[in-house]
Amino acid sequence: MKVLFCSSEVVPFAKTGGLADVAGTLPPELANLGVEIKVVLPYYKSIETKKFKIKKIDKDTAVAVIQNNVEVYFIENKKYFDRASLYQYNGVDYRDNLERFTYYCQQTLKLAKKIKFKPDIIHCNDWQSALIPIYLKTIYKKDVFYKKTKTVFTIHNLGYQGLFPKEDLALTGLSDAVFSIDGLEFYGRINLLKGGLLFSDKITTVSATYAEEIQTPQFGCGLEGVLQKRKSDLSGILNGINCQDWDPKKNKALTKNYGPDDIEGKYNNKTNLQKICKLKVNNRIPLLGIITRLADQKGLDILAEVIDKIVQMPIQFVLLGTGDPKYHKLFESIKDKYKNTAIYLSFDPKLAYKIYAGSDMFLMPSYYEPCGLGQLISLNFGTIPIVRKTGGLADTVVDYDPFSKKGNGFVFDNYQSGALLETIKRALCVYHDAEEWKRLVRGAMKCNFSWEASASEYYTLYKKTIGSKK
Ligand code: ADP
């Protein structure tokens, strides 16, 4: 089976969030199962050509090879992709994003022909590649090369839909006929994600709970009707994590490697983190970490309501994040006010490893969370997640029960700052029972969120989509 995997970000080349982790890890896993798979992404300026041994194949295409011999193709265009960042600058989206990703989608379809890779499946991800299934069912409808190609579309976050003024439709090369209520029209604007949902053969999202939630007005972001209509083609497949990168036994960024049978090394990492963060070095002070995009979705509004109360408790607090300027301002002021906090308002994958390994608890109070990688990574590092019961968080974190001793984290349901605060307090109570906490840490590290199981679910879906019984 041949699969063309289209994503606007792919680890290790370019990343702003979880989509990149998925796009860099799932294709090699699928290759392991025997799928012939190639990945396509824009050739952003930030991509390090030498480091990744990227080779030009012609004027506007380059290629590199990642694990399991998977080829990653880069679509080059200086005008569109030679920018400081991927989608926006200083919190404001690039004005020509429609043009930029139209170019990416059009070139991707041309590329497959150029390299004579006739895909059985084109797997698209989020709004940036949503034009591909639309093109296949319109402009490419009679194209012989793509006659048998089916499409799978994965929603990584319904909150980002690719909305553009209707006057810009001509930029996509599509006819006015697609701009209707049953097409790309969304309250008078073009909605690329909606198009992807309507024109793809199958739709997936990244957890079973999120697949249900997005069919409701509370989480459907206005597209719940479309999703209900396509319910029989919609399913949830949980993301895994790259066990190479996120394995505390092997990760080279750690001060000391450790594993479930030898958790003492975790405390060397805690000491190191306390030193880096200029916090008091003391193993018995509970250290709360958070690594996140600074966006309302991530529960920062309820965190903001109780942040003073949290950091006034006998704890240490480390935050790594970047995003909404209002949260930059808030956490700058927290940094100035409280000595037991360390705030890093940047994107720093190396520091992220150190925080995952050195923290005792990891906060993820998200309002909604399609899958969430932070809780999976932190579990791998024996850092106990404190999460809200939504989306993938609900599917992967089980609330600790002091009687049965079951559970791998702390979970609250109501999206309220009080509930968050109470849950942190509940976790701190267990933390002070050192033996019980160590048991929790070991148990967390034994949870298995590798890609293997998810990759075989995607493979089964691909086979179903093309009608293969094998
Ligand atoms: P989302 O994709 O919605 O941002 P996920 O939890 O699915 O959230 O994935 C976020 C990924 O990005 C995780 O791998 C997390 O460690 C990483 N990450 C988020 N913010 C930062 C940051 N400021 N520095 C380094 N890594 C970050």
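Which residue, of Ser404, Ser366, is more than 24 Å from Gly159 (Cα to Cα), hydroxyl-bearing (Ser, Thr, Tyr) and not in a helix (DSSP H, G or I)?
Details: Ser366 fails: more than 24 Å from Gly159 (Cα to Cα).
Unique residue meeting the criteria: Ser404.
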Here's a check for you: in region 341-350, which residue that is within 14 Å of the ligand (Cβ to nearest atom) and not aromatic (Phe, Trp, Tyr) is farthest from the chain's Cα centre (by Cα)?
Ala342
Please count how many residues of region 178-196 are assigned to a helix (DSSP H, G or I) and free of Cβ contacts under 8 Å to residues at least 12 places away in the same chain.
0
Would you pick out the residues in region 399-416 that are farther than 23 Å from Lys446 by Cβ, open to solvent by 30 Å² or more (accessible area, probe 1.4 Å) and of a type outside the set (Asp, Glu)?
Asn414, Tyr415, Gln416
Residue pairs qualifying under the 8 Å Cβ cut-off, at least six apart or on distinct chains, with the first in region 149-167 being open to solvent by 60 Å² or more (accessible area, probe 1.4 Å) and the second being within 16 Å of the ligand (Cβ to nearest atom), are Tyr160/Asp126; Tyr160/Trp127; Tyr160/Leu193
If the requirement is being away from the ligand (no atom under 16 Å from the Cβ), surrounded by fewer than 17 Cβ atoms within 10 Å (Cβ to Cβ), aliphatic (A, V, I, L, M) and more than 28 Å from Phe219 (Cα to Cα), which of these qualifies: Val281, Val311?
Val281
Under 7 Å between Cβ atoms, which residue pairs at least 6 apart in sequence (or on different chains) link something in region 375-386 that is touching a residue at least 40 places away in the same chain (Cβ under 8 Å) and aromatic (Phe, Trp, Tyr) with a partner that is within 12 Å of the ligand (Cβ to nearest atom) and open to solvent by 10 Å² or more (accessible area, probe 1.4 Å)?
Phe381/Tyr356
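Can you say whether Thr255 is part of a loop (DSSP other than H, G, I, E, B) and open to solvent by 20 Å² or more (accessible area, probe 1.4 Å), as far as the supplied structure shows?
Numbers: part of a loop (DSSP other than H, G, I, E, B): yes; open to solvent by 20 Å² or more (accessible area, probe 1.4 Å): yes.
Taking the combined requirement at face value, the residue satisfies it.
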Subset of region 212-241 that is open to solvent by less than 10 Å² (accessible area, probe 1.4 Å) and small (Gly, Ala, Ser) - its residue that is farthest from the ligand (Cβ to nearest atom)
Gly220
Need at least 1 residues that are in contact with a His (Cβ under 9 Å, 6 or more places away or on another chain) per element, so show me which helices (runs of 4 or more DSSP H) inside region 1-120 make the cut, counting only ones lying wholly within it.
18-32
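Collect the residues in region 170-190 that are open to solvent by less than 40 Å² (accessible area, probe 1.4 Å) and farther than 13 Å from Phe101 by Cα, keeping them in residue-number order. Please lay out each step first, then the result.
Residues of region 170-190 that are open to solvent by less than 40 Å² (accessible area, probe 1.4 Å), as a first pass: 172, 174, 178, 183-184, 186, 188, 190.
Within region 170-190, Leu174, Val178, Gly183, Leu184, Phe186, Gly188, Ile190 meet the criteria.
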For Pro385, which of the numbered conditions (1) of a type outside the set (Phe, Trp, Tyr); (2) within 14 Å of the ligand (Cβ to nearest atom); (3) farther than 22 Å from Lys266 by Cα; (4) open to solvent by less than 10 Å² (accessible area, probe 1.4 Å) fails to hold?
(3)
Suppose we keep only residues that are within 21 Å of Pro27 (Cα to Cα) and in contact (Cβ under 8 Å) with a residue 40 or more places away in the chain within region 48-73. Which one would you say is surrounded by the most Cβ atoms within 10 Å (Cβ to Cβ)?
Tyr73
Identify, from the list Ala419, Ala444, Ala394, the residue that is under 18 Å from the mean Cα position of the chain (by Cα) and either at pLDDT 95 or above or open to solvent by less than 40 Å² (accessible area, probe 1.4 Å) (or both).
Ala394
Does region 412-446 hold any residues that are under 14 Å from Tyr400 (Cβ atoms) and acidic (Asp, Glu), and which are they?
Glu422, Asp433, Glu436
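Are any residues in region 13-23 away from the ligand (no atom under 11 Å from the Cβ) and open to solvent by less than 10 Å² (accessible area, probe 1.4 Å), and if so, which ones?
First pass over region 13-23, keeping only residues away from the ligand (no atom under 11 Å from the Cβ): 13-14, 23.
Passing the criteria: Ala14, Ala23.
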Go through Tyr368, Tyr353 for me and flag whichever is within 19 Å of the chain's Cα centre (by Cα), assigned by TED's automatic domain parsing to the domain that holds Pro286, surrounded by fewer than 22 Cβ atoms within 10 Å (Cβ to Cβ) and within 16 Å of the ligand (Cβ to nearest atom).
Tyr353
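Evaluate the following for Gly196: is it within 24 Å of Val3 (Cβ to Cβ), modelled with pLDDT under 95, small (Gly, Ala, Ser) and crowded, with 21+ Cβ neighbours inside 10 Å?
Values: within 24 Å of Val3 (Cβ to Cβ): yes; modelled with pLDDT under 95: no; small (Gly, Ala, Ser): yes; crowded, with 21+ Cβ neighbours inside 10 Å: yes.
Taking the combined requirement at face value, the residue does not satisfy it.
Quick check: is even one residue across region 318-340 buried (at least 24 other Cβ atoms within 10 Å of the Cβ), assigned by TED's automatic domain parsing to the domain that holds Ile424, closer than 21 Å to Asn282 by Cα and more than 8 Å from the ligand (Cβ to nearest atom)?
Yes.
The values are calculated or read from the model by the stated rules, or taken from the named source; none is laboratory data. Predicted model, so just to flag it, every value in this text is computed and none were measured. So basically every Cβ, Gly included, is an ideal-geometry build from the backbone, and we count neighbours across all protein chains shown. Areas reflect the complete protein model, heavy atoms only, side chains present, ligands, DNA and RNA absent. Shrake-Rupley method; radii C 1.70, N 1.55, O 1.52, S 1.80 Å.
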